[in-house]
1. Quote the FRET efficiency, to the nearest 0.05, computed for Thr127 versus Asp105 with a Förster distance R0 of 22 Å and r equal to the Cβ-Cβ distance.
2. Short version: ³J(HN,Hα) in whole Hz for each residue of segment 53-62, in order, from phi by Karplus 6.51 cos²θ - 1.76 cosθ + 1.60 (θ = phi - 60°), x for Gly and Pro, what are they?
3. With r defined as the distance between the Cβ atoms of Leu70 and Ala92 and R0 fixed at 22 Å, what FRET efficiency is calculated, to the nearest 0.05?
4. Which whole-Hz ³J(HN,Hα) couplings does segment 116-130 yield from phi under the Karplus relation 6.51 cos²θ - 1.76 cosθ + 1.60, θ = phi - 60°, glycine and proline marked x?
5. Scan around Val148 for amide H atoms under 5 Å from its own, H built in the peptide plane at 1.01 Å from N, and keep only partners 5 or more places away or cross-chain.
6. Name the residues whose placed amide hydrogens come within less than 5 Å of the amide hydrogen of Leu112, ignoring near sequence neighbours (fewer than 5 apart) on the same chain.
7. Short version: ³J(HN,Hα) in whole Hz for each residue of segment 85-91, in order, from phi by Karplus 6.51 cos²θ - 1.76 cosθ + 1.60 (θ = phi - 60°), x for Gly and Pro, what are they?
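Just so it is clear, none of the values below were taken in a lab; they were calculated from the coordinates. In this text, all values refer to a predicted model and were calculated from it rather than measured experimentally. Heads up, the Cβs are rebuilt from the backbone with ideal geometry, glycines too, and the neighbour counts pull from every protein chain shown.
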Amino acid sequence: MSYRPRLRPAVIGVCTVALLAGSGLLALPAQAQGRPVAASAWRSTSSERTVENFFQDYIYATQGTESEGLDPLGVRKKYLSAELDDALTVWASEHQADPVFRRSDIPKTFSLVEKEQTDGNAKIVLTMNWEDGTSTDTWYMVGIASQVITGLIPTLRSSQDARRAWHR
């Protein structure tokens, strides 16, 4: 009796499951209800992943859930340069709002995309979508070698304005 007739379907089945699992098609939803998640789970660059990880950890810390025991300030210290963190602290005290969201509420969803890499920095645009139907764009600058977020410029009118702001 040959094992080939039984082995072939088993091998095909195992390979199919491995391919589907590896591509994420068999993944169960990891999002609890009410938690914002990025529109795309896969990021093509490490700078995009850095901003996505920062933002997701920051949301969790703000909500008091799943942020490796860090509060929002701890998450900022983990991902941001000291200068940017200090500037956000000043902004928060002057405006009485969250310095990352620039509002007192948490976004419903968010998405992000890398726009360019120049002078050793990646420029990422993160779009926050709010319960009221509005959205806010924030430009992040990430050091490519260090993967430290060094700049955060919210709600610019156009990419031309953003380019000028990065060069100041």
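1. So the FRET efficiency works out to roughly 0.90.
2. 4, 4, 5, 5, 4, 5, 4, 4, 5, 5
3. Computed FRET efficiency for Leu70 and Ala92: 0.85.
4. Result, rounded to whole Hz: 6, 10, 8, 6, x, 10, 9, 10, 10, 9, 10, 10, 9, 10, 9.
5. The list, which skips near neighbours in sequence, is Gly143.
6. Distant-sequence amide H within range of Leu112: Ala39, Ser40, Thr127.
7. 4, 4, 5, 5, 4, 4, 4
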